[in-house]
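Here's the structure, in structure tokens; my notes come after.
The values are calculated or read from the model by the stated rules, or taken from the named source; none is laboratory data. Everything quoted here is computed from the prediction, not taken from an experiment. Using ideal geometry, Cβ is built from the backbone for each residue, glycine included, and neighbour counts are taken over all protein chains shown. To get the accessible areas, we keep the full protein, side chains included, count just its heavy atoms, and leave off ligands, DNA and RNA. Shrake-Rupley method; radii C 1.70, N 1.55, O 1.52, S 1.80 Å.
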Amino acid sequence: MSGDAVALSVVSHAQNWLVNPLLVDLAQFHPAGLSIIVTQNVPDPDTLVARHGAEIIINDRPQGFGANHNAAFRRCNAPYFCVVNPDIRLNMDPFPALVQALQSVNGGVAGPRVCDPDGRTEDSARRFPTVARLLGKLISGAAGPDYPVDRGPLEVDWVAGMFMLFRSHAYREVGGFDERFFLYYEDVDICRRLLARGYRCAFQPEASVIHNARRASRRDLRLMGIHAASAARYLTRRYR
């Protein structure tokens with residue numbers, strides 16, 4: 001990565017059983033200057049074994065997605081800040097290609113191609129949601145990608161929060177994630193605000209990660225309610 005340092009933030013919601021193998025992957029594909037911040041958002045019966053030099057934050061009480069990553073960012077002294085879900089696994093070092101994608105445009109954030117464990121491409125690079133698009137997706141059940149994966153790096157509307165690489169100064173300029181989104185749509189919102197500041201959102205399919213998705217909001221009525229409330233908050237916003 002030519003000495004470009006990355007601070008990586010991952011949050012565990014009693015998910016150390018997922019964080020441990022992710023940290024092993026990060027140690028295997030260890031770019032120069034990588035620092036890792038692990039937030040323990042709730043008490044976890046599983047021990048965080050594979051620390052690999054990670055800095056550990058232990059919360060007194062659970063925080064939302066944005067609040068946790070914003071707190072981690074306050075410890076970031078690197079030019080790049082990476083937000084990663086605990087259910088991500090690596091089979092390559094995605095950072096060089098992502099940094100290159102950011103540098104090729106005035107990029108504020110970049111995301112890799114995200115595949116499920118069977119190798120199918122997930123819809124991690126998407127067009128901004130509208131009421132019509134959300135209704136269409138609900139009716140059709142379509143979950144394929146909005147953008148092609150065979151045309152190299154692309155400018156896209158937004159990339160999903162399971163893996164986002166930010167330029168730290170851009171993240172700082174927009175104030176990080178909006179913590180009023182407790183869960184869901186923080187990723188859409190921050191990409192929209194970066195775009196309003198003149199930054200681009202890059203999708204880099206030459207970098208890939210594996211996402212062993214939990215899909216909890218499809219089974220948990222409370223999370224379904226939070227998801228719907230976040231969608232309503234986003235759709236009623238006025239972006240400038």
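Can you give me the distance in nm between label points at GLU155 and ARG89, each placed 7 Å from the Cα along the Cα-to-Cβ direction?
3.6 nm
Given that compact globular proteins tend to follow 2.2 N^0.38 Å, what is the ratio of the alpha-carbon Rg of region 2-131 to that value?
Cα-based Rg divided by the globular estimate yields 1.08.
Starting from the 7 Å offset along Cα-to-Cβ, what nm value, one decimal, do you get for the label separation of ILE56 and PHE128?
Once both label points are built, they end up 4.2 nm from each other.
Out of ALA110, ALA170, ALA132, any idea which swings most in a Gaussian network model of the chain, alpha carbons joined below 10 Å?
ALA132
Kindly report, to the nearest 10 Å², the accessible surface of SER104 as traced by a 1.4 Å probe over protein heavy atoms only.
The value for SER104 is about 80 Å².
Give the residues of region 177-210 whose amide nitrogen is closer than 16 Å to a point set 7 Å from the Cα of SER35 in the direction of its Cβ.
Under cut-off, by backbone N: nothing.
Can you tell me how much longer the chain between ASP116 and ALA213 gets when fully stretched, taken as 0.36 nm per residue apart minus their C-alpha distance, in nm with one decimal?
Roughly 34.2 nm would be gained on extension.
Sequence gap at least 6, Cα distance under 8 Å: using those rules, report the relative contact order of the chain to the nearest whole percent.
Contact order relative to length: 23 percent.
With the chain treated as a Gaussian network of Cα nodes joined by springs under 10 Å, which of ILE210, ILE190, ILE56 yields the largest mean-square fluctuation?
Looking only at ILE210, ILE190, ILE56, the largest GNM fluctuation is found for ILE56.
Can you tell me what the convex hull of the Cα atoms of the chain projects to on average, as an area in nm²?
Seen from a random direction, the Cα hull of the chain projects 12.6 nm² on average.
Would you tell me the accessible area of GLU155, worked out with a 1.4 angstrom probe on the heavy atoms of the protein chains, in Å² to the nearest 10?
110 Å²
Quick one: with all protein chains in place, what share of the accessible area of the chain is carbon or sulfur, to the nearest percent (1.4 Å probe)? List each step's numbers first, then the result.
Numbers: 5840 of 11430 Å².
On the chain, the fraction of accessible area on carbon and sulfur atoms equals 51 percent.
Test of understanding: what is the full-extension gain from VAL42 to ASP146, defined as 0.36 nm times their sequence separation minus their Cα-Cα distance?
The span from VAL42 to ASP146 would gain 34.0 nm if fully extended.
Would you mind telling me which residue in VAL209, VAL38, VAL174 has the biggest mean-square fluctuation in a Gaussian network model of the chain, where springs connect alpha carbons within a distance under 10 angstrom?
Top of the fluctuation ranking is VAL174.
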